1. Under a crude label model (7 Å from the Cα following the beta-carbon direction), how far is Glu218 from Glu103 in nanometres?
2. Please report how far the C-alpha centroid of segment 214-270 lies from that of segment 96-130, rounded to the nearest whole angstrom.
3. Write down the radius of gyration of segment 151-256 and its Dmax, each obtained from C-alpha positions, in Å.
4. For a quick check: with amide H placed at 1.01 Å from N, whose amide H comes under 5 Å from Arg118's, ignoring anything fewer than 5 positions away on the same chain?
5. May I ask for the net charge around Leu179, where only other residues with Cβ less than 12 Å from the Cβ of Leu179 are counted and Lys, Arg are +1 while Asp, Glu are -1?
6. For segment 240-251, take each phi angle, set θ = phi - 60°, evaluate the Karplus expression 6.51 cos²θ - 1.76 cosθ + 1.60, and give the result in whole Hz per residue in order, putting x for glycine and proline.
7. May I ask you to evaluate 6.51 cos²θ - 1.76 cosθ + 1.60, the Karplus curve with θ = phi - 60°, for each residue of segment 192-204 and list the ³J(HN,Hα) values in order in whole Hz, giving x for glycine and proline?
8. Karplus couplings for segment 143-153 from phi (6.51 cos²θ - 1.76 cosθ + 1.60, θ = phi - 60°), rounded to Hz, Gly and Pro as x?
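Read-outs throughout are calculated quantities, based only on the coordinates presented, and are distinct from any laboratory measurement. These numbers come from a predicted model, not from an experiment. Reconstructed Cβ throughout: ideal geometry from the backbone, glycine too, with neighbour counts over all protein chains shown.
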Amino acid sequence: MGAGTDEYLEKEVAAGMGIGMEMLSRKEQHNANKLHKRLRRLVGTAIADFNMIEPGDRVMVCLSGGKDSYALLDILRSLQAHAATQFELIVVNLDQKQPGFPEHVLPNYLTAIGMPFRIVEQDTYSVVKRLIPEGKTTCSLCSRLRRGVLYRVAGELGATKIALGHHRDDILETLFLNLFHGGKLKTMPPKLVSDDGKHIVIRPLAYCKEKDLAAYAEMENFPIIPCNLCGSQKNMQRQAVKEMLQQWDKKFPGRLENMFSSLQNIQPSHLLDSSLYDFHGLKTGNGPVVDGDRAFDPEPFEPGMEELLNLNKE
Ligand code: SF4
């Protein structure tokens, strides 16, 4: 068993006995409660904004053993207990047969918290190792294989929704990866139809910051299983974008929040995709147009600028 086994065991025991929060000081407990409330509110808002969960849904929560999927499950359980909407949760973990995978950790945790679950054993690890040359990043093929298995299992379980643990920072990273390397303006949507067209995939953590989820996982003492047991190199392009965003976040507070807001405030008339906006059929009219050209106006980025612009109009 791997080097972290003792730590897994300690955390498992702690999680099973409901300790973790109880071991915190009052101040830490206060902060933990605040964080929990914030995450719950953000998840609730994302679910409502995108109509992610509807009455009677059977939501399959994909639990990898990483911090994000533990937090996702924990928050969905908490919402389930308090929400007016009735929905079911079932957890699925895919045991990909990576060497050293501590296969007892998730069943013990899920049994201790009373969650119905299914562990699916499928050796995608060997497939990935066979197909990808040594030293190359294996995550892309690994994720694709994992997705295929999860869709199949969702069908078997009669799940109406598949919940994944991607968060705000994953969404921003993917946006930049597509911009830098894919020549596309797109990212991970909070809700979509699966590749096979049969399932609705949801990302209830879409509004949650990664650093909040990391802090939450630590406070809750989740028995984390690292993803890199497979020995994969980090995806260097994603890592570079992650570091760029982290530096921006430190140097320019609010920038990531603004970028994320921009994803919910798109103006096709001020981009260049003629399949989204009818540039060919554009005509003049008799009055002002909402989408009219303000390209030469000063942009109201500076505090107070909006006010100045309005004064100039008077
Ligand atoms: S780190 Fe390993 S297990 Fe995780 S996604 Fe990449 S290849 Fe798969």
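1. 3.3 nm
2. 25 Å
3. Rg then Dmax for segment 151-256, in Å: 15.9, 48.
4. Result for Arg118 returns Val91, Val92, Asn93.
5. Value of the local net charge: +1.
6. Once θ is set to phi - 60°, the couplings for segment 240-251 become 5, 5, 4, 5, 4, 5, 5, 5, 4, 4, 6, 7 Hz.
7. So the Karplus estimates, Gly and Pro as x, are 7, 8, 4, 3, 7, x, 9, 10, 9, 9, 10, 10, x Hz.
8. 5, 5, 5, 4, 4, x, 5, 5, 4, 4, 5
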